[in-house]
Structure formats: C-alpha cells, structure tokens
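Everything below concerns the one structure shown next.
The values are calculated or read from the model by the stated rules, or taken from the named source; none is laboratory data. Since this is a predicted model, take the numbers as computed values, not measurements. Every residue, glycine among them, receives a Cβ derived from its backbone with ideal geometry; neighbour counts consider all protein chains shown. Note: accessible area is taken over every heavy atom of the protein model, side chains too, but ligands, DNA and RNA are not part of it. Shrake-Rupley method; radii C 1.70, N 1.55, O 1.52, S 1.80 Å.
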Amino acid sequence: MLDIKLIRENTEAVCKGLESRGADTAAIEKILALDVRRRELLAQTEELKSQRNTVSKEIGMRKKAGEDTTEIQAEMRAVGEKIAELDKQLAEVEQEQRNLLLCLPNLPAPGVVPGGKEANEVISVYGEKPTFDFTPKNHVELCTDLGLIDYERGTKLSGSGFWVYRGLGARLEWALLNYFIDTHIGDGYELVLV
C-alpha cells in the first residue's frame, strides 16, 4: 500500500508512476481530499480532548473547593458527545481512504519501462538458449496435459488466477513444502503452526 505521506508530498511523481503502469490516477485526488478532511477532524478532536482534560482538572479543583460544577459538567458532556461524533466521522474517513489506498498498485522502480507485460524487455541473458527439435509447451499447457494442475477447477473455486494441484502435482508441491520445512529446521528454526 502506498504511503499517504508519499502521495501528499510527491503527488506528481506518484501520478506519473501510476500512469506508467497503466493505472487510473483519479483516486489520488479523492485520497488527498480525504487526507485533508482526516487531518481537520483529527485536529478538532485533539483540541476538544485537550479542552476536556483541562476542564476535568478544573472540575476536580472546584469540587474540592465546594463549588457547584453542574453547569460545567453539562458542557463537558456535550463536548464528549461532540468528540464521539468526530471520532465516528474520523473512522469513516480513514476507512474510505484506506480502501482507496489498497486499490492502488505499487509504484514501478525507476528503470522500469512504462506499460504492461507487453512492454517488458530482456535486460541480460545467461548461457545459451537451448534449441529443440520439437515445439516446447508453455508451463500452463505442460501442467494441464500432465494432469498436475487443474486451472478450471481452481478458477471455479476461488476465481481467476487460482489453481488446484492434482495427483503428482499435489505430491510434488507437498514434497517441496516438506523439503523447505526440513531445511529450515536443519538451520535451527522452529516450526510453528498457528
């Protein structure tokens, strides 16, 4: 999630970064407006709480002196109600701002070429590219043909981008998990299952 301070202090750079990823920057204006409102509400709430604390001490001193504090206590009850209302508004504004911030993608690193996957460039190559006397399959075709992964069932169960390991695929996934657990325990870590 992008930091609101970064958005507030570097709005133009953030918008450029989001645009380079193809993201919509319309939410930035709303996020900044909510940030202004949040800070206003916070200042009002803190001021009222400070006032309430000061007057509460005064009430204690007046009671010790035997003075009547009914009127000032009624005023403080009204201040308390106002604080509760402002706290409620503040929580709503913070939640709305958080929801908008969660929808923003991360900013790309400075050297990343603008655009989506289609704009990716090869930066370096290690070794020689192998040649085959057949047309190699991509990982999706290979896993589907071998019955290792069921993409359709994963999509039905959890939505786009999910899959279900099957048969040897499930066994391989489990073996990798066991390997990692054994390696970490061997390195002195403790396995904890919450």
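Here are some notes:
- Three principal axis extents describe the C-alpha atoms of the chain; from largest down they are 99, 44, 37 Å.
- Accessible area of Trp163 (1.4 Å probe, protein heavy atoms only, ligands and nucleic acids ignored): about 120 Å².
- Ratio Rg/Rh, restricted to region 46-161 and using Cα atoms, in which Rh is the Kirkwood radius: 1.44
- Crossing angle, helix 26-64 versus the chain [Cα axis fit, 0-90 degrees, rounded to tens]: 40 degrees
- Alpha carbon convex hull of region 1-66, projected area averaged over orientations, nm²: 5.6 nm²
- Diffusion coefficient, µm² s⁻¹, Stokes-Einstein with Kirkwood Rh over alpha-carbon pairs of region 140-179 at 20 °C and 1.002 mPa s: 208 µm²/s
- Computed from the alpha carbon positions, the gyration tensor of region 112-194 leads to an equivalent ellipsoid with semi-axes of 29, 22, 18 Å, biggest first.
- Amide H to amide H, with H built 1.01 Å from N, Arg21 comes under 5 Å of Gly115, counting only residues 5 or more places away or on other chains.
- Positive-pole candidate from Ile31, Val55, Leu42, dipole of region 1-64, charges at beta carbon: Val55
- Accessible surface, region 59-164, averaged per residue in Å² (probe 1.4 Å): 82 Å²
- Loop GluC sites (Glu not before Pro), region 66-165, which have at most 16 other Cβ atoms in a 10 Å radius of their Cβ (DSSP): Glu67, Glu121, Glu128
- Helix-only [θ]222 nm of the chain, DSSP H runs n ≥ 4, -39500 (n - 2.57) each, per residue, nearest 500: -21500 deg cm²/dmol
- Note on exposure: Val192, Val140 ranked by accessible area (1.4 Å probe, complete protein assembly) read Val192, Val140, with the most exposed listed first.
- Based on alpha-carbon atoms, the Kirkwood radius and the radius of gyration of region 3-114 give Rg/Rh equal to 1.27.
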